[in-house]
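The structure appears below as structure tokens.
The numbers here are math on the coordinates, done by the rules we state, and not lab data. All figures in this text were calculated on a predicted structure; none of them were measured in a lab. Reconstructed Cβ throughout: ideal geometry from the backbone, glycine too, with neighbour counts over all protein chains shown.
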Amino acid sequence: MKNCFSYFSLSIILTIFSFSTGSTQSTRGICGTTIEDQAILGKYLRQNRENPHLSVRSGETIWVPMIYHLVAKKDGSGRFDRLDKVLDAVIKLNSDYEPQGIQFYLDNVTESIKELNNNAVYDNPKASFGSSKMRSTANKAEFHKAINVFVVHDIQDANNPGEILGYYTANGDYVVMKEREIRSPSSTFSHEMGHYFSLMHPFYGWEERTYNFNEPTPTAIFYAGQSILTEYVSRTKMQGSKKLCEVAADQLCDTEANYKLGFGWPACEWTGKAKDPDNVMLTPQEHNFMAYFLRCTDYEFTKEQGEAMQRDYHSSHRDYLRKLPAPDLSVPGTTTLRFPENNQKLDYYDIVKLDWDDAPNATHYLVERATRKSFSTGFKSFIADKSEIVFTDLSRSKTYYWRVTPINETHLSNKSAGPFAFQTGKAKYNATVDLNGIDAWSIVNNPASPSKAAHVVILTSKTWTGEMRLSSITGKKIATLPLRLSKGTKTIPLSSELAPGLYLVTLSNSTAEETKKLLVVK
């Protein structure tokens, strides 16, 4: 099976936790999934393994819907807005999980990338106010149909001074990711999704403890009233009627004993001398997604880890993931940019409509805009649900570059269109001061035709109530539409069945009105 997302500019950094390429200094980070949460995961893992109805289905592809919540401060500032990186992160997940038959997707792309403004969630999501807000959000009916992923600026924890890069909480049933781990997609995301699907750390129990080479290895770790059995190297050692590896640490027998040896180790390959309680040398799996080793290039899940995740998906507490139909697998075709034409100079700057051809199998389009051709300066990304977008935030007499990639819920096109350049003008397009609350409005696709219907774009600075009328040139009323517009930019389509001729489009409220002409051609 091919990876269900492909992207023209994808550059994947395969690291379990992010580091700076070419540097000898790693940025240390930890997983914030707690021992308490992992105790719940262990309970799920055991229940799923003992349930005869949750057998692993060979060759099956599991489709997992996701919803991103991009978090900003209360005033809307600071939000991670690199939608291209958000999509790249899904690509990375699917590459990592493909061998396990698990693939992630965004059901109706624009409905799966949400915005949340909350100061506590923004940089202190583990505190009570932040966790309460995320729990209530994830439990809303509109979101309780997918894995909820909150992308935050920072993750603080008074009980843990280390830098937390992400975590999953079983109590809230959501994933939190630091934006840095989305910006340069690392394997941290895949690690946290492993927790979501019931996997524990292979060093479970050692999260709050450092292995001491100078002391005998304990047979159990005591933490907050729990006694967590230490895993041994031997796979045949028994604990009562069960193999010890089935009840110790992560409770899986094909993940080797590991006492958090990767944390602080400078390379992927372990050459240390750690020993289990029987004095047997450890050989931890450095390349395991759920471990802490850095700088590996081929992380993987073991067979038992994959089976545990598949069972968890089919379990009753994941019923909500299976409510949506399987996504469309068709790859979007390519598109062609139409307006503004490459290097075109515009007369106006305040309302600029970008237009391109529809692409086969595309439900949405990733639109990227920048002030340099390299897209390294002034970069912004947007998702459009049709083959056009209107910008109202451009500057006077400035050059912009843009490109478009057709997408749908499971794929991105293999090729983007562009980049094209255009230069904004000095004038406003159609400013109005008579209609209080409306900053500007215009008729796009004017002249219009049956194949290219006109629509009205309205920019409001506050809530505006009024109506829009369509009349013949003689003033005969054709249609009236009551309007109540919230602050922002709104697009209102006009009929594509208008006969050729000249028409009048009027916006009015209780105090004023303004009319523009619309020409319809064959």
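Odds and ends about this structure:
- Nearest-0.05 FRET efficiency for Asn212 and Lys242, computed from C-beta distance (R0 35 Å): 0.80
- The protection proxy used here, the mean number of other Cβ atoms lying within 10 Å of each residue, ranks peptides 455-465, 242-252 as follows, highest first: 242-252, 455-465.
- Sorting the segments 227-235, 470-478, 85-93 by their residues' average number of neighbouring beta-carbon atoms within 10 angstrom, most packed first, yields 85-93, 227-235, 470-478.
- Relative contact order [Cα under 8 Å, 6+ residues apart], the stretch 24-115, whole percent: 34 percent
- Between Thr110 and Lys273, the simple label model (points 7 Å from Cα in the Cβ direction) yields a spacing of 6.4 nm.
- Using only side-chain charges placed at the Cβ, +1 for Lys and Arg and -1 for Asp and Glu, the dipole size of the chain relative to its Cα centre rounds to 1660 debye.
- Rounded to whole Å, sorted largest first: equivalent-ellipsoid semi-axes of the stretch 202-299, Cα gyration tensor: 21, 15, 13
- Relative contact order for the stretch 438-520: 32 percent, from Cα pairs under 8 Å spaced at least 6 residues apart, divided by residue count.
- Percent RCO, i.e. relative contact order, over the chain, from Cα pairs under 8 Å lying at least 6 residues apart: 13 percent
- Peptide packing for 121-128, 264-271 was compared via the average number of neighbouring C-beta atoms within 10 Å per residue; ordered from the highest value, the list is 121-128, 264-271.
- Angle in degrees between helix 303-314 and the longest Cα principal axis of the chain, rounded to the nearest 10: 50 degrees
- Neighbour counts of other Cβ atoms within 10 Å put Cys253, Cys296 in the fewest-to-most order Cys253, Cys296.
- Rounded to the nearest 10 degrees, the angle from helix 35-50 to the longest Cα principal axis of the chain is 80 degrees.
- Degrees between helix 83-97 axis and first principal axis of the chain (Cα, 0 to 90, nearest 10): 40 degrees
- Pairs exceeding 31 Å between alpha-carbon atoms, taken from Lys243/Lys273; Lys242/Lys323; Lys74/Lys490; Lys386/Lys516; Lys133/Lys398; Lys74/Lys426: Lys242/Lys323; Lys133/Lys398; Lys74/Lys426.
- The alpha carbons of the chain give a radius of gyration and a Dmax of 27.6, 97 Å, in that order.
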